[in-house]
């Protein structure tokens, strides 16, 4: 186990810079998830950490050692690939023991460690099978087994669950988290799925266009997104954004599209008349008499909650209710955002304005 | 076509004529679709092969119908030292040329699989020896190895390395080296391009995984590339061995089997005895004697081509 320091790392392919100075401190034993839309540079960063891509500038260190010029095999890291990259001509046991074999470990030692890893991952009955004979979830576990056999300083996961079906993905998510709690190995996990990020991470790093937008614990990111991108990326269904202006005359309010009045707890200093974006999560709407009038378009009950699509000041918004209201399309309702939970972003820069 | 369950004719149709029933029989129709291919194979492959084997048991000559002489032709060949020399030549030629074609082809394939400038052009260039008609390239080699006008001799003389022309095609050892060289030159592209196609099916993430597992470049080749390539190697080398063993054009254009039969292969000897000398029966016997060798080569590759254990099993994701 080791800490990992990524300091001002840049990456260019030819003249095209894909990472513009990324700094991420990772503590020993932490589970860090790099999340962002495709093309944000998260996989490139992971591959640089693994040593599969050169570092254009900046430093990456594992433990106390700067690894910029260290060969991948000497970095003491293990990686799980999106397509698992299992060796098709080797049995499960040989796949898992391959790295030890290359290190000239004795066959007793290899057997012992493969067996132990197989027990942890419930792979013991499958050790003599070939990858083709395994299901998707089993292959995924073999890929993880190959990583844990080595007992590395750092685990790297590159979108490991994207090839699984939805149900299996949820199960494997829990399994990986449990594995981390058990082994406590520093882990860097790349995904584009914010739910995976929220559920698994100790620390989430949201990346976008080659920069880090924000990092923090899942709930920090959910409660206090630093900018509109993070606000829109974290949370499902996504946060509603309404453009308008801050109005301060006695009480702070937000004047949304078509003059809709929305409540604000406090207005940021000297913000009267400033163009801004009002952000409210679907689950922070309530039905109240002093709410803004909205017309219901579609109602989607999921059992545990109900998603309601409505027009508010001419803009479509989503609200989620745990209570069972009797809604019908075309109904007029009064939606009120919880003023203590709304977010205000600068219209020009997208930066968070309220505390 | 596999047997398809054909719905039985309904009772009221059972009175229909046999011809009408036949018209609606899918197997009957399927048979007629198969006839052109079957006819082609029978007339151009099975019939000549059968005829050749039959001729080898007769004393047929050109212009004279032969009589059945049982195994007399084979008994003659058994005591014929030139025949045994041609068997030795064929085995030497096949073994050396195939081994070198494999080694050079694999090397080229690995090289062309790397990222480099003008990759597509280099790949196309490798194919050139393959697309030139065999006889044309043989004639070119004939000139290159000519006893008086050889460009190799000329160059070496001008470099001061030799004082006299090398008699490439006139010396038994040199002649063997030259024909084997020409065969390799022609055969390498086929091996290289096919193996390259095989290399490209290997997922790059396997190499990355192996690299992270600590594999050196050699170990990557030894533990990943080579095992994954074996099925394709088996196919390519089977074809390569069969083509080399039955080679005729190159030898005939370059040496006609000389000097002193040093480059006579079974195919060229057969042609010389059967067509040039007119002894069709004896020539056919030499040709037929190739069959056991070819069958042996096919058996080896048949076992080599067996689906390996790791290729079996369901893909159930």
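The values are calculated or read from the model by the stated rules, or taken from the named source; none is laboratory data. These figures come from a predicted structure and were not determined experimentally. Reconstructed Cβ throughout: ideal geometry from the backbone, glycine too, with neighbour counts over all protein chains shown.
Tabulated data
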item: Residue selected from the range A:57-87 under the condition assigned to a strand (DSSP E or B) and surrounded by fewer than 17 Cβ atoms within 10 Å (Cβ to Cβ), by the criterion farthest from the other protein chains (Cβ to nearest Cβ); result: A:57
item: Criterion violated by residue A:105 - all others in (1) surrounded by fewer than 20 Cβ atoms within 10 Å (Cβ to Cβ); (2) under 22 Å from residue A:75 (Cα atoms); (3) under 22 Å from the mean Cα position of the chain (by Cα) satisfied; result: (3)
item: Residues within the range A:206-222 that are in contact with a helix residue (DSSP H, G or I) (Cβ under 8 Å, 6 or more places away or on another chain) and either surrounded by fewer than 19 Cβ atoms within 10 Å (Cβ to Cβ) or closer than 21 Å to residue A:162 by Cβ (or both), tallied; result: 5
item: Residue A:92 assigned by TED's automatic domain parsing to the domain that holds residue A:8, over 18 Å from residue B:204 (Cβ atoms) and free of Cβ contacts under 8 Å to residues at least 24 places away in the same chain; result: no
item: Which listed residue is crowded, with 17+ Cβ neighbours inside 10 Å, within 27 Å of the chain's Cα centre (by Cα) and assigned to a helix (DSSP H, G or I), from B:175, B:210, B:197; result: B:175
item: Any hit, the range A:237-258, residues being outside the structural domain of residue A:112 (by TED's automatic domain parsing), at pLDDT below 90 and assigned to a helix (DSSP H, G or I); result: yes
item: Restricting the range A:111-133 to residues that are within 9 Å of another protein chain (Cβ to nearest Cβ) and part of a helix (DSSP H, G or I), the residue that is surrounded by the most Cβ atoms within 10 Å (Cβ to Cβ); result: A:131
item: Members of the range A:134-150 that are outside any loop (DSSP other than H, G, I, E, B), within 12 Å of another protein chain (Cβ to nearest Cβ) and either closer than 11 Å to residue A:93 by Cα or out of contact with any helix residue (DSSP H, G or I) (no Cβ under 8 Å at 6 or more places or on another chain) (or both); result: A:142, A:143, A:146, A:147, A:149
item: Output for the range A:98-110, where each listed residue is more than 10 Å from chain B (Cβ to nearest Cβ) and in contact (Cβ under 8 Å) with a residue 12 or more places away in the chain; result: A:110
item: Pick from the range B:217-276, criterion free of Cβ contacts under 8 Å to residues at least 12 places away in the same chain and within 14 Å of chain A (Cβ to nearest Cβ), ranking: nearest to residue B:176 (Cα to Cα); result: B:226
